[in-house]
Amino acid sequence: MNGSATSVRVKRSAIGKSGRVRICKSAFEEASLSSGDLVIIEYGSKTILVEGYTDVLVEDGYVRLRWNDLKRLGVLEEDEVALQPYQPLGKAIKRGIKQHF
């Protein structure tokens, strides 16, 4: 897991649509996300890119994913995953250059 990744546990979501993750408030804030931001979710060597939304109904320390997103990642409920904001390569390069000058 990346050093800036937030570690959370997974539960299956019965609401919402595929390609979205519902995130507990504390993890959403820790990852410095805004509603609708793209989020990278990592599990072992697998990653998926989904839209992230905070949801006060999601238990603290958890995210909720639809069954087909769980399947794409190869995770089961209660498995621990890492989530982090997606940054297009151009922005990451620019930020890296600014840190060196």
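Summary of values
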quantity: In sequence order, calculated HN-Hα J values of the range 18-24 (Karplus, 6.51, -1.76, 1.60; Hz; x Gly/Pro); calculated: 4, x, 10, 10, 9, 10, 4
quantity: Summed residue charge, Cβ within 14 Å of Glu78's Cβ, Lys/Arg positive, Asp/Glu negative; calculated: 0
quantity: Inter-label distance, nm, simple model (7 Å from Cα along the C-beta direction), Ser32/Arg12; calculated: 3.6
quantity: Around Asp55: net Lys/Arg minus Asp/Glu count, Cβ-Cβ under 11 Å; calculated: +3
quantity: Karplus (6.51, -1.76, 1.60) ³J(HN,Hα), θ = phi - 60°, over the range 53-66, in Hz, Gly and Pro reported as x; calculated: 9, 7, 8, 5, 7, 7, 4, 4, x, 10, 10, 10, 10, 5
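Coordinate-derived values only; no laboratory data. Please read these numbers as outputs of a predicted model, since none were measured by experiment. Positions of Cβ are backbone-derived with ideal geometry, glycine not excepted, and every protein chain shown enters the neighbour counts.
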